[in-house]
1. Rounded to whole Hz and in sequence order, give me ³J(HN,Hα) for the stretch 7-12 from the Karplus expression 6.51 cos²θ - 1.76 cosθ + 1.60, θ = phi - 60°, writing x for Gly and Pro.
2. Assign one of three labels to the stretch 163-247, namely rounded, prolate or oblate, based on the Cα gyration tensor with a ≥ b ≥ c the square roots of its eigenvalues; rounded applies when a/c is under 1.5, prolate when it is not and a/b is larger than b/c, and oblate otherwise.
3. Given the options I97, I108, I65, state which has the largest fluctuation in a GNM of the chain using a 10 Å cut-off (strictly under) for Cα springs.
4. Using a simple charge model, +1 on the beta-carbon of Lys and Arg, -1 on the beta-carbon of Asp and Glu, nothing else, what dipole does the stretch 1-150 show about its Cα centre, in debye to the nearest 20?
5. Using DSSP loop states and a limit of at most 16 other Cβ atoms within 10 Å to flag GluC sites (Glu not before Pro), what is the longest stretch of the chain containing no flagged site?
6. Between the stretch 14-39 and the stretch 111-128, what is the separation of their alpha carbon centroids in Å?
7. Which value, in Å², gives the accessible area per residue of the stretch 30-129 when a 1.4 Å probe is used on the protein heavy atoms?
8. Over the chain, what is the mean sequence separation of C-alpha contacts under 8 Å (at least six apart), divided by residue count, expressed as relative contact order in percent?
Amino acid sequence: MNRLKIGDGDFTIIAGPCAVESYEQMEKIGYFLDSLNVRYLRGGAFKPRTSPDSFQGLGFEGLKILKEIKNKYNFKIVSEVTDPRDVEKAYEYIDIIQIGSRNMQNFILLKEVGKQDKPILLKRGMSATIKEWIMAAEYVRNEGNENIILCERGIRTFEDYTRNTLDLMSVPIIKSNTKYPILIDPSHGTGRRELVLPATKAALALGADGVIIEIHPEPSKALSDGFQSLDFDEFKKLINEIEKIKV
Ligand code: PEP
Ligand code: MN
């Protein structure tokens, strides 16, 4: 039941919570995504938070939960690593290794994941130019790993209605200047759940290779990023809308 590889022409949907919070939470999400035949499950175990007092993620406990859900429903797991010392140990739990916006220029981390033989989802730094982002990908590639997926997640501008300004023009720019697939993250890119659907439609129209979307069974109770997470009904509606446009 595996889909094509990301970047092979299909519009890939990756979904899951910002953070893995418990087995029960992930089981609900796993059951739900499986019922919609979404095959890529995201979930942060190591959370880079602005405040040290915020929930930092369950760490390896979170990765173990992801693996249990993966084995039960046959998902591909997308999860972030933040520390080069964790990469080797995290390897067996993660199918697509995410490098977060705050670590786009953590060159030691980039070199470490460049030595792995799994795809790297490289998010754009929130203050990075497209050139700097492509150079960050070069750090990974130079170590031998060419399996890189770029992810536009918005940049900081003076505009504060949205959490970030989603720089959608990076899609055609990346397409014409590199061979990498590119995903859009409409959740962090807008920071507002009502903008996730229009941003996803825009991603599809521009020829992006897919989207990565935050969902939660009860967004108001989420331990991180609940305000931008879709509940199950909202996500189901998004999938239906996208399917309608695709055919
Ligand atoms: C995330 O995907 O939950 C995340 C922290 O994203 P970013 O690195 O883009 O802020
Ligand atoms: Mn998040």
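The values are calculated or read from the model by the stated rules, or taken from the named source; none is laboratory data. All figures in this text were calculated on a predicted structure; none of them were measured in a lab. Counting neighbours? That spans all protein chains shown, and the Cβs are built from the backbone with ideal geometry, glycine included. Only protein heavy atoms, including side chains, enter the accessible area calculation; ligands, DNA and RNA are left aside. Shrake-Rupley method; radii C 1.70, N 1.55, O 1.52, S 1.80 Å.
1. 3J(HN,Hα) across the stretch 7-12, in whole Hz: x, 8, x, 7, 8, 7.
2. Here the stretch 163-247 falls in the oblate category.
3. Among I97, I108, I65, the largest GNM mean-square fluctuation belongs to I108.
4. 200 debye
5. 1-142
6. Spelled out, the Cα-based centre of one part sits 24 Å from the other.
7. Each residue of the stretch 30-129 exposes 43 Å² on average to a 1.4 Å probe.
8. 18 percent
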